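Trainee: Sharing a structure with you now.
Each reported figure results from applying straightforward, stated rules to the coordinates on display, with no laboratory input. Remember, it's a predicted structure, so these values are computed and weren't measured experimentally. For neighbour counting, all protein chains shown are included, and Cβ atoms are generated from backbone atoms with ideal geometry for every residue, glycine included.
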Amino acid sequence: MAQAQANIGVIGMAVMGSNLARNLASREGNTVAIYNRSAEKTRAVVSEFPEAGFVASESIEDFAASLTKPRTAIIMVKAGAGTDAVIEQLTEVFEPGDIIVDGGNALFTDTIRREKAVRETGINFVGAGISGGEEGALKGPSIMPGGSAEAWETLGPILKSIAAIAEGEPCVTHVGTDGAGHFVKMIHNGIEYADMQLIAEAYDLIRRGTGKSPAEIADIFTEWNKGELESYLIEITAEVLRQVDAKTGQPLVDVIVDQAGAKGTGAWTVQTALDLGIPVSGIAEAVFARSLSSKPAQRAAASDLPGPSSEWTVDDADAFVEDVRQALYASKIIAYSQGFDEIVAGAEQYDWDIKKGDIAKIWRGGCIIRAQFLNRITEAYDENPGLVALVTAPYFTDAVSQAQDAWRRVVVAAAQAGIPSPAFSSSLSYYDGLRADRLPAALVQGQRDFFGAHTYRRVDAEGTFHTLWSGDRTEIEAVDTH
Ligand code: NAP
């Protein structure tokens, strides 16, 4: 039996697990136990990174024995059945008070189920969303742990030691109980989808509207990255656009097949939003835009469908680029506002005490949507924790008011030019819907009452009403159904 000497263990030595283990090993005071189903991968990691001083095991029993108590193990294996298999093995060798952390991309409802099952054994189970990809895992990710307060006591200092640092603060907080961490990680990914789609639409509009080359547009993004749009995604967009293909000498973006992939977290965000009744239209359009791009047969069949009959030209390229920048900022505010609405609704549904300002804070570093702008979100929630919609906070109201004329011009231009802008357009529609005094939902209620006697409420009286629509009545009769 191995001697208990490691204070933390990592299971799963693929790219994420090995990088996270190396990150842990690089921090003062940590000795890291590692284990992987296939032992050759564990051996390869040990020989490649001798400086990490890993305590390697080739059986789950030895792995457990190599950990000091309370034993703490982070699972970084294939989400789904792989995670369930490892949890089952660990619950056999761990004891009450020990901690199992799932750092994979689990669906939050799976985490709720797993936490409940593991808790019955007396072992703590923590679902932790980890964002930042392989580089984040190695150098400092943004970490969103759920689970019990008891587990957080042991785990908190360890996770703080490996998380990204933003403005002096580690990008990790105890999000809430059971599945709260993976829920918030899911929303992070949904927002990431929207952010990426909006940036892609901005690029497309500028390219097709002004004829600028990808390299020239890269310079525009670099410039934008110095202002309110400053973020990791804007920064890498400039790099992607500047990249030249070694084989053809063309801009790389022109030789990449235009079909976007997805691993499912965006779809989860939208599916969950539908269940919660939260309109996350920006995120949904981003997910659907990837789906549309990945339908080559339909796209080929539709490629001869007519576009606008009159030609669209941009008179002032600089002014158009500035309009697009403003439209991007306003749409981005909407995407985040919608994402936080889903967090609020999820917290209510699952009884999580999620501090929205703290979530924005831990997204400032390490993760894919890291951005300056997140400070504004923290400030908005610090000022008013009960904020009903992020976009109604004074800073964001000002920002959207300033941008809205440009935003409208861009959406009109996109429609006139026949350039798809689903995220820009839907975000603007959402904004106009939210601020409308009166919506045509009144008519929808009338239709529902007509065909299904679904009833409606009146603006001038309490109660629920139904109109007797049929027969030869000329007079419309409202009936209080109570
Ligand atoms: P992966 O390709 O998702 O999974 C490979 C690892 O899972 C290997 O260690 C493999 O062991 C193990 N595994 C698979 N099925 C298993 C089973 N039934 N029992 C035991 N072990 C099993 O690895 P990854 O790309 O490093 O990702 C790990 C986790 O992090 C995943 O949940 C993934 O979704 C998440 N992830 C997150 C990010 C992020 O940015 N946060 C990025 C990428 C991945 P063998 O070597 O024995 O096959």
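Trainee: Mind running the shape call on region 45-160? Use the C-alpha gyration tensor, a ≥ b ≥ c as the square roots of the eigenvalues: rounded below 1.5 for a/c, prolate if a/b tops b/c, oblate otherwise.
Mentor: rounded
Trainee: Let me ask something additional. Quick one: which of Lys185/Lys356; Lys160/Lys185; Lys226/Lys332; Lys69/Lys185 span more than 21 angstrom between C-alpha atoms?
Mentor: Over 21 Å Cα-Cα: Lys69/Lys185.
Trainee: Still on this structure, please answer the following. Return the distance in nm (one decimal) between the two label points of a simple spin-label model at Leu252 and Ala441, each offset 7 Å from Cα along Cα→Cβ.
Mentor: About 4.5 nm, to one decimal.
Trainee: Right, another one. Which of the GluC sites (Glu not before Pro) across region 97-152 are loop residues per DSSP, with 12 or fewer other Cβ within 10 Å?
Mentor: Passing sites in region 97-152 are Glu120.
Trainee: Right, here's the next one. Please figure out what share of the DSSP beta bridges in region 42-183 is antiparallel and state it in percent, rounded to the nearest 5. Show your work: numbers first, answer last.
Mentor: Details: 6 of 15 bridges.
If I count the DSSP bridges inside region 42-183, around 40 percent turn out antiparallel.
Trainee: Shifting gears a bit: Label Leu305 and Leu276 with points 7 Å out from Cα along Cα→Cβ: what is the distance between them in nm?
Mentor: The modelled label-to-label distance comes out at 3.2 nm.
Trainee: I would also like to ask the following. Under a crude label model (7 Å from the Cα following the beta-carbon direction), how far is Glu223 from Ala44 in nanometres?
Mentor: With each label placed 7 Å out from Cα toward Cβ, I get 4.6 nm.
Trainee: Taking the Cβ of Arg408 as the centre, find all other residues whose Cβ is under 10 Å away and add up their charges (Lys, Arg: +1; Asp, Glu: -1).
Mentor: Computed value for this residue: -2.
Trainee: Calculate the FRET efficiency for Ser429 and Arg208 from the Cβ-Cβ distance with a Förster distance of 30 Å, rounded to the nearest 0.05.
Mentor: E between Ser429 and Arg208, to the nearest 0.05, is 0.85.
Trainee: Under the definition of Cα pairs under 8 Å and six or more residues apart, what whole-number percent is the relative contact order of region 1-152?
Mentor: Details: 308 pairs, mean separation 34.0, N = 152.
Computed over region 1-152, the figure is 22 percent.
Trainee: Then there is this: Calculate the length of the line joining the C-alpha centroid of region 375-397 to that of region 135-190, in whole Å.
Mentor: Centre-to-centre (Cα) distance: 22 Å.
Trainee: Using the alpha-carbon centroid of each, what span in Å lies between region 34-110 and region 244-278?
Mentor: Distance between centres, Cα-based: 31 Å.
Trainee: Using 0.36 nm per residue of separation minus the Cα-Cα distance, give me the extension gain between Ala4 and Glu120 in nm, one decimal.
Mentor: Value of the extension gain: 39.2 nm.
Trainee: Could you grab the relative contact order for the chain? Cα pairs under 8 Å, six or more apart, rounded to a whole percent. Spell out each step's value before the answer.
Mentor: Values: 856 pairs, mean separation 57.8, N = 482.
Reported relative contact order: 12 percent.
Trainee: How big is the shadow of the Cα convex hull of the chain, averaged over all directions, in nm²? Numbers along the way, then the final one.
Mentor: On the way: hull surface 119.7 nm².
Over all viewing directions, the chain projects a mean Cα-hull area of 29.9 nm².
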